[in-house]
């Protein structure tokens with residue numbers, strides 16, 4: 001397992017590269033050009049600027065999250081081919097700086113959804129929170145306004161330049177079903193995967209967050225059966241999944257340990273985080289510790305260790321601790337604590353496995 005840490009760039013992140021390099025076992029950053037609109041080709045000078053910063057800190061940049069997909073691709077519009085060509089050109093450029101994995105998603109309009117960015121917990125920390133009843137009764141336009149008013153930093157998936165066209169986007173998705181989205185995903189994969197394979201970059205789709213339909217929009221990467229179907233759309237080792245325990249874990253019916261075992265050969269990148277799901281459908285993001293949520297973090301790490309996972313892992317959303325002023329879900333302290341918990345589990349399982357093997361050989 002190779003540990004990496006998400007970084008949003010100079011001037012766009014409260015966490016510095018010098019801080020990241022001090023977290024034990026972290027060897028690289030997970031990055032993107034967040035100022036480049038979805039669908040545009042990434043400029044090489046900006047890519048090289050990130051590489052220079054990472055090189056200076058002694059960190060690699062092998063994982064990109066995300067090269068966002070233009071809505072016209074998801075909608076299957078004739079204009080999609082222009083944006084797909086830009087995507088191919090971006091893949092070629094990223095290969096030049098050593099990128100090996102591109103995480104992306106295929107969620108219509110919203111990349112993720114929460115109702116409270118700083119919900120206070122019983123210990124005084126705050127965390128991202130999803131209130132089911134509020135989502136069912138709020139106008140999406142009001143929610144967008146609230147999200148963008150609460151952060152001075154860019155919010156991936158909630159970029160104002162994209163969401164200012166919210167009315168038009170919702171109109172465009174009228175009548176678009178899950179089957180339409182599946183077919184449009186197939187078209188995208190058939191165009192992109194051969195290019196990714198040529199450049200030895202694995203395309204790893206991120207599950208829908210949360211893993212169910214919101215505001216009547218179709219969503220397709222929601223559970224084990226759908227992941228299996230997506231990987232079969234283009235049966236290539238370069239068509240992969242970013243297995244996110246937090247996104248999938250919002251639905252208690254999802255067996256993430258089983259997913260690790262089934263999809264291990266197609267998981268080049270994993271997000272590990274915990275959530276506590278309540279009986280009414282609400283959920284809040286907790287510490288990474290298994291006992292603090294409803295996701296079997298212990299079982300997930302054990303499954304990865306048993307399968308000999310050699311891909312990239314990052315701690316996903318953390319709480320906001322000790323008065324830290326930071327991007328919602330992306331402070332330094334709780335994610336660093338999470339890494340040490342994940343390493344503790346990994347090292348313990350690895351040692352146990354090694355002792356079992358020694359006993360057999362003896």
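The values are calculated or read from the model by the stated rules, or taken from the named source; none is laboratory data. Nothing here was measured: the structure is a model prediction, and the numbers come from that model. Cβ placement follows ideal geometry from the backbone for every residue including glycine, while neighbour counts extend to all protein chains displayed.
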(message) As an exercise: evaluate residue 352 against (1) modelled with pLDDT under 95; (2) buried (at least 22 other Cβ atoms within 10 Å of the Cβ) and give the number of the one condition it does not meet.
(response) (2)
(message) Return the residues of the stretch 69-99 that are crowded, with 16+ Cβ neighbours inside 10 Å and closer than 14 Å to residue 30 by Cα; say none if nothing qualifies.
(response) 94, 97, 99
(message) Filter the stretch 171-193 down to the residues that are in a helix (DSSP H, G or I) and either free of Cβ contacts under 8 Å to residues at least 12 places away in the same chain or in contact with a strand residue (DSSP E or B) (Cβ under 8 Å, 6 or more places away or on another chain) (or both) and list them by number.
(response) 171, 179, 189, 192, 193
(request) Mind listing just one residue for me: the one in the stretch 194-232 that is assigned to a helix (DSSP H, G or I) and touching a residue at least 60 places away in the same chain (Cβ under 8 Å) and, of those, nearest to residue 277 (Cα to Cα)? (result) 196
(request) Tell me which residues, restricted to the stretch 3-20, are in contact with a helix residue (DSSP H, G or I) (Cβ under 8 Å, 6 or more places away or on another chain), part of a loop (DSSP other than H, G, I, E, B) and surrounded by fewer than 22 Cβ atoms within 10 Å (Cβ to Cβ). (result) 9, 10
(message) Can you tell me which residue is surrounded by the most Cβ atoms within 10 Å (Cβ to Cβ) among those in the stretch 203-229 that are farther than 24 Å from residue 329 by Cβ and out of contact with any helix residue (DSSP H, G or I) (no Cβ under 7 Å at 6 or more places or on another chain)?
(response) 226
(request) Read through the list (1) surrounded by 12 or more Cβ atoms within 10 Å (Cβ to Cβ); (2) more than 21 Å from the chain's Cα centre (by Cα), then give the number of the only condition that residue 336 fails. (result) (2)
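Checking the structure you have, find out if any residue of the stretch 282-290 is touching a helix residue (DSSP H, G or I) at 6+ places or on another chain (Cβ under 9 Å), at pLDDT 95 or above, surrounded by fewer than 17 Cβ atoms within 10 Å (Cβ to Cβ) and over 19 Å from residue 118 (Cβ atoms).
Yes: the stretch 282-290 contains one or more residues that are touching a helix residue (DSSP H, G or I) at 6+ places or on another chain (Cβ under 9 Å), at pLDDT 95 or above, surrounded by fewer than 17 Cβ atoms within 10 Å (Cβ to Cβ) and over 19 Å from residue 118 (Cβ atoms).
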(request) List every residue pair whose Cβ atoms lie under 8 Å apart, where the two residues are 6 or more positions apart in sequence or sit on different chains, the first residue falls within the stretch 350-362 and is under 20 Å from residue 299 (Cβ atoms), and the second residue, located anywhere, is part of a helix (DSSP H, G or I). (result) 350/305; 353/305; 353/306
(message) Could you list, ordered by first residue, the pairs with Cβ atoms under 7 Å in which the first is in the stretch 20-41 and within 11 Å of residue 9 (Cβ to Cβ) and the second is part of a strand (DSSP E or B) and modelled with pLDDT of 95 or more, at least 6 apart or interchain?
(response) 29/4; 29/5; 29/61; 31/61; 31/64; 32/64; 32/65
(message) For the stretch 127-146, give me the residue count where each residue is out of contact with any helix residue (DSSP H, G or I) (no Cβ under 7 Å at 6 or more places or on another chain), surrounded by fewer than 18 Cβ atoms within 10 Å (Cβ to Cβ) and part of a helix (DSSP H, G or I).
(response) 8
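For the stretch 82-101, indicate whether the set of residues that are closer than 30 Å to residue 172 by Cα, touching a helix residue (DSSP H, G or I) at 6+ places or on another chain (Cβ under 7 Å) and assigned to a strand (DSSP E or B) is non-empty. Walk me through it before giving the result.
First, pick out the residues of the stretch 82-101 that are closer than 30 Å to residue 172 by Cα: 82-91.
Filter again for touching a helix residue (DSSP H, G or I) at 6+ places or on another chain (Cβ under 7 Å), leaving 83-84, 87-88, 91.
Those left that are additionally assigned to a strand (DSSP E or B): none.
Among the residues of the stretch 82-101, not one is closer than 30 Å to residue 172 by Cα, touching a helix residue (DSSP H, G or I) at 6+ places or on another chain (Cβ under 7 Å) and assigned to a strand (DSSP E or B), which makes the answer no.
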(message) Can you tell me which residue is farthest from residue 178 (Cα to Cα) among those in the stretch 29-67 that are part of a loop (DSSP other than H, G, I, E, B) and in contact with a strand residue (DSSP E or B) (Cβ under 7 Å, 6 or more places away or on another chain)?
(response) 59
(request) Determine, yes or no, whether residue 271 is surrounded by 22 or more Cβ atoms within 10 Å (Cβ to Cβ), under 18 Å from the mean Cα position of the chain (by Cα) and farther than 23 Å from residue 353 by Cα. (result) yes
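Collect the residues in the stretch 264-288 that are touching a residue at least 24 places away in the same chain (Cβ under 8 Å) and farther than 13 Å from residue 245 by Cβ, keeping them in residue-number order.
264, 265, 266, 268, 280, 281, 282, 284, 287
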(request) Take residue 182 and decide whether it is touching a helix residue (DSSP H, G or I) at 6+ places or on another chain (Cβ under 9 Å) and at pLDDT below 80. (result) no
